[in-house]
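Have a look at the structure below, then the notes.
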């Protein structure tokens, strides 16, 4: 039984230094109470740790300035019409462009509030095989699992919310005004890309960026992982 647990320990702590591994193994020994660790306990502990990470990531995204003041996920002017931004700034419409970008990000922040239940449902439906694959996988294994299992649902859920949020924050109006102004400039090719699709895709992309950061934090901080994951796996068997 101890051999089984030690093998599991080396799998979970494969990225640790020798000192950190010894500290972690000491913590594990403190938890051992004579019952063999089950794969169900491992899956349960991992799920809870991931849900904590998801909660942190979605909370960051959905707060005021969660997108707008985070350079990693801030949504810029749509790339298909960046020539519009450049031209409008050249003719002195910086304020209008900046206002549009801010309201675009406000729409994403509003939509991000809908993400957590979708992520949590995907994590809770994770199989034992999925959990083991994530534990032994690459640094972004959990993030990629969530991309595979939630992106379609997120798009379905986000599209109406983003559309409503863009209207609520006046991003749609500002965009329409900006594109209308640009299209009146002589001798230019007129543009009118789908703002809602762009904002939806970028909002989802930003969420996964934050989730990947949370996953990296779990994987790179062995002591935090001992607290947040292994205590849930082993329970209170030291009592």
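The values are calculated or read from the model by the stated rules, or taken from the named source; none is laboratory data. Note that the structure is a prediction, hence the values are computed from the model and not measured. With ideal geometry, Cβ positions are generated from the backbone for all residues, glycine too; neighbour counts draw on all protein chains shown.
Which of the residues belonging to region 123-133 are surrounded by 19 or more Cβ atoms within 10 Å (Cβ to Cβ) and at pLDDT 85 or above? Matches in region 123-133: 123, 126, 130. Against the numbered list (1) buried (at least 17 other Cβ atoms within 10 Å of the Cβ); (2) part of a helix (DSSP H, G or I); (3) modelled with pLDDT of 90 or more, residue 148 comes up short only at (1).
Rundown of residues vs (1) closer than 30 Å to residue 189 by Cα; (2) surrounded by 17 or more Cβ atoms within 10 Å (Cβ to Cβ), yes/no style:
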{"residue": "75", "(1), (2)": "yes, yes"}
{"residue": "85", "(1), (2)": "yes, yes"}
{"residue": "103", "(1), (2)": "yes, yes"}
{"residue": "121", "(1), (2)": "no, no"}
{"residue": "135", "(1), (2)": "no, yes"}
{"residue": "165", "(1), (2)": "yes, yes"}
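Total residues in region 142-170 satisfying the condition of being touching a residue at least 40 places away in the same chain (Cβ under 8 Å) and within 20 Å of the chain's Cα centre (by Cα): the figure is 13. Of all residues in region 37-74, count the ones that are touching a residue at least 60 places away in the same chain (Cβ under 8 Å), part of a loop (DSSP other than H, G, I, E, B) and either more than 16 Å from the chain's Cα centre (by Cα) or farther than 22 Å from residue 100 by Cα (or both). Residues meeting the conditions: 1.
Rundown of residues vs (1) crowded, with 21+ Cβ neighbours inside 10 Å; (2) part of a helix (DSSP H, G or I); (3) in contact with a helix residue (DSSP H, G or I) (Cβ under 9 Å, 6 or more places away or on another chain); (4) modelled with pLDDT of 80 or more, yes/no style:
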position: 176; (1), (2), (3), (4): no, yes, yes, yes
position: 181; (1), (2), (3), (4): no, yes, yes, yes
position: 190; (1), (2), (3), (4): no, no, yes, no
position: 198; (1), (2), (3), (4): no, yes, yes, yes
position: 212; (1), (2), (3), (4): no, yes, yes, yes
position: 223; (1), (2), (3), (4): no, yes, yes, no
position: 236; (1), (2), (3), (4): no, no, yes, no
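You will find that of 190, 217, 173, 184, the residue that is at negative phi and either in contact with a strand residue (DSSP E or B) (Cβ under 9 Å, 6 or more places away or on another chain) or in contact (Cβ under 8 Å) with a residue 12 or more places away in the chain (or both) is 217 and no other. For region 75-107, the set of residues classified as outside any helix (DSSP H, G or I) and in contact with a helix residue (DSSP H, G or I) (Cβ under 6 Å, 6 or more places away or on another chain) consists of 75, 77, 78, listed by residue number. Scanning region 151-162 for residues that are crowded, with 19+ Cβ neighbours inside 10 Å and at pLDDT 85 or above returns 154, 158.
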